[in-house]
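The structure appears below as structure tokens.
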Amino acid sequence: MARPRRSTLIDALALAASVRAGETSPRELADEAIARIEATNPELNFLVTDCFDAARSAAPADGPFTGVPMLVKDLTETAGVRTTFSSHAFADYVPVADAAVVRRMKAAGFVVLGKSNTPEFGITAVTESDLNGACRNPWDTARTPGGSSGGAAAAVSAGVLPLAHGSDGGGSIRIPATCCGLFGLKPSRGRVSPAPFTSGSLELSQSGPLSVTVRDAAAFLDVLAGYEPGDAHWAPPPERRFLDEVGADPGRLRVAFTAEPPMPYPVDPRLVDVARDAADALADLGHDVVELTPAWADGDALSKFAKLWQVTPALYPVRDESLLMPLNRALAEGARATSSVEFGQAVLALQRTARATVAFWDDVDVVLTPGLAKPPVEVGWIFEPDDPWDQFRRGGEFTPYTPIVNVTGQPAAAVPWDVVDGLPAGIQLIGPPAGEALLIRLSAQLEAARPWADRLPDRFRGASMG
């Protein structure tokens, strides 16, 4: 059977079509992806656990992604496949059941090759841990691919896979997508179920795609989206498939451009220029672009967010906290030292912020911001300070635009846009509540106007193609 061409390799839907047409087989696709992993992972460290033998013998379900290889983020439980959460405390943990999103992926025909690297408990904006080591950016291996879905982003950016699973609780899809020159989509609150786990008071995290093409991301969201019994939040079902929105006319939109982040940290002026260029491009496409900022500026935003964020490591059933990295130990200790009243006050304060922020979309359709405040930082930069709270603050300095969207529950897309000093520089598009369809239409329009797939780093992609 014919080996898929490079042009089809970057698109998961095309790979599935080649399987259905009998032009290739799931086994061939698995073997080719495994070969690319073996050629690139020693340098990039995006894969932390493999299940290659099972993938080679898999009989995938008949679905939109039949036979397409997939990496699942190592924060998401996979039956029979080690799930470490990148923590020494779970180094040997093997779940007995799949998370709902993994079940949905398998039903769509994906073949799981293994687990992608993430920071311990997904707690920070880079992908580095004591257990699984540092994941590196294919654009520059001295730089981070971002976090916490950094392993997924590195694998896709290097040409190993066209699409990978991520999750986003404070920017963890959008940050690595921006660092690696990819498209990433954080769904609306309640769009993708956390089952079998329960929702938090604000349900910050949603699973979603990191991909080369918008259409792969849209089709992946179609696979993941939907209510599971017992969900505390769920988004209204879309009027039609998200895939059908790709290529649909977004109409003339009112777009607000702002470079003022919710958290008061300085922003690299080169990244502001990139976002302003994207705003000009949207105006050229016929949209009404205005320079306005939502009422989101809050000098205490990171502190309020920390009151929720610190609960994450505290809820993991860890018997020996000396096994945790200092940042997670400090966060867990902070959670236990916070009274229920203080926690409730932080939740209410963030809910008030969310209500005031979302009201801005009464007058606009989309908000455009830079993706990050800094280009991809060097590996180790977050953890340079000894004080774990300084490490936490550095994460905020790097990513001041992303956590607010998890607080409001809105959908947001990371869109590749330019290259600055050899590193990708992207933008963030924030949609109205339950507005993924609008974001997909607009992102696809930008993809058609300024394609980004050919800008991905050739060194790894060329080597990995064999």
Report task. Return the Rg/Rh value of the stretch 403-466, two decimal places, where both radii are evaluated on C-alpha atoms and Rh is the Kirkwood radius. Result -> 1.09
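What FRET efficiency would be calculated for the residue pair Arg27, Arg329, taking the C-beta separation as r and a Förster radius of 56 Å, to the nearest 0.05?
E(calc), rounded to 0.05, equals 0.80.
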Report summary line: Cα extents of the stretch 112-195 along the principal axes, largest first, in whole Å, come to 36, 27, 24
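On full extension of the chain, what length is gained from Arg254 through Val290, given 0.36 nm per residue of separation minus the C-alpha to C-alpha distance?
Values: separation 36, 0.36 × 36 = 12.96 nm, distance 0.75 nm.
Value of the extension gain: 12.2 nm.
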Report task. Can you grab the distance from the C-alpha centre of the stretch 295-337 to the C-alpha centre of the stretch 258-280, Å, no decimals? Result -> 28 Å
Query raised in the report: Along the principal axes of its C-alpha atoms, what lengths does the stretch 184-242 span, in descending order and rounded to whole Å?
Result: 32, 22, 17
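Using alpha carbon coordinates only, what is the Rg to Rh ratio of the stretch 334-466, with Rh defined as the Kirkwood radius? Walk me through the intermediate numbers first.
Working: Rg = 18.7 Å, Rh = 17.8 Å.
That ratio is 1.05, to two decimals.
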Query - FRET efficiency, 1/(1 + (r/R0)^6) with R0 25 Å, evaluated for Trp389 and Asp130 via beta carbons - result: 0.85
Requested in this report: Could you work out the Kirkwood radius for the chain, taking every pair of different alpha carbons, averaging 1/r and inverting it, reported in Å?
Outcome: 21.7 Å
Report summary line: In the chain, lysine pairs 8 or more places apart or on different chains with C-alpha atoms under 26 Å apart total 13
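Give me the Kirkwood hydrodynamic radius of the stretch 1-159, using the inverse of the mean 1/r over all pairs of distinct Cα atoms, in Å to one decimal.
Working: mean 1/r = 0.0634 Å⁻¹.
That comes to 15.8 Å for the stretch 1-159.
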Query - Contour excess over end-to-end distance, with Cα ends at Leu423 and Ala283 and 0.36 nm allotted per residue - result: 47.9 nm
Requested in this report: Take Arg459, project a point 7 Å from its Cα along the Cβ direction, then tell me which residues of the stretch 405-420 have their backbone nitrogen under 19 Å from it.
Outcome: 419-420
Report summary line: Rounded to the nearest 10 Å², the accessible area of Cys51 using a 1.4 Å probe with every protein chain kept is 20 Å²
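Could you work out the Rg to Rh ratio of the stretch 227-322, with Rh taken as the Kirkwood radius (inverse of the mean 1/r over all Cα pairs)? Numbers along the way, then the final one.
Numbers: Rg = 20.2 Å, Rh = 18.2 Å.
We get a ratio of 1.11 for the stretch 227-322.
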Query raised in the report: What spacing in nm lies between the two simple spin-label points modelled at Ala449 and Ala97, each 7 Å away from Cα in the Cβ direction?
Result: 4.7 nm
**Report entry** Local electrostatic count, Gly431, Cβ distance below 13 Å [Lys/Arg +1, Asp/Glu -1]
**Finding:** +3
Requested in this report: Specify, per residue and in Å³, the volume enclosed by the convex hull of the alpha carbon atoms belonging to the stretch 191-277.
Outcome: 171 Å³
Query raised in the report: In the chain, what percent of the accessible surface is made up of carbon and sulfur (1.4 Å probe, ligands and nucleic acids excluded)?
Result: 51 percent
Query raised in the report: With each pseudo-label sitting 7 Å past Cα toward Cβ, what's the Ser303-Glu38 distance in nm, one decimal?
Result: 5.5 nm
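To check you understand DSSP bridge types, tell me what percent of the beta bridges within the chain (both residues inside) are antiparallel, rounded to 5.
Details: 31 of 44 bridges.
Antiparallel bridges make up about 70 percent of those DSSP assigns within the chain.
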Query raised in the report: Which distance in nm do the two modelled labels at Ala142 and Asp363 give, with both placed 7 Å along the Cα-to-Cβ direction?
Result: 4.6 nm
Report task. Calculate how large, on average over all directions, the projected area of the Cα convex hull of the stretch 72-152 is; give the answer in nm² to one decimal. Result -> 5.5 nm²
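The values are calculated or read from the model by the stated rules, or taken from the named source; none is laboratory data. For clarity, every value in this text was computed on a predicted model and none was experimentally measured. Positions of Cβ are backbone-derived with ideal geometry, glycine not excepted, and every protein chain shown enters the neighbour counts. Heavy atoms of the whole protein, side chains included, go into the accessibility calculation; ligands, DNA and RNA do not. Shrake-Rupley method; radii C 1.70, N 1.55, O 1.52, S 1.80 Å.
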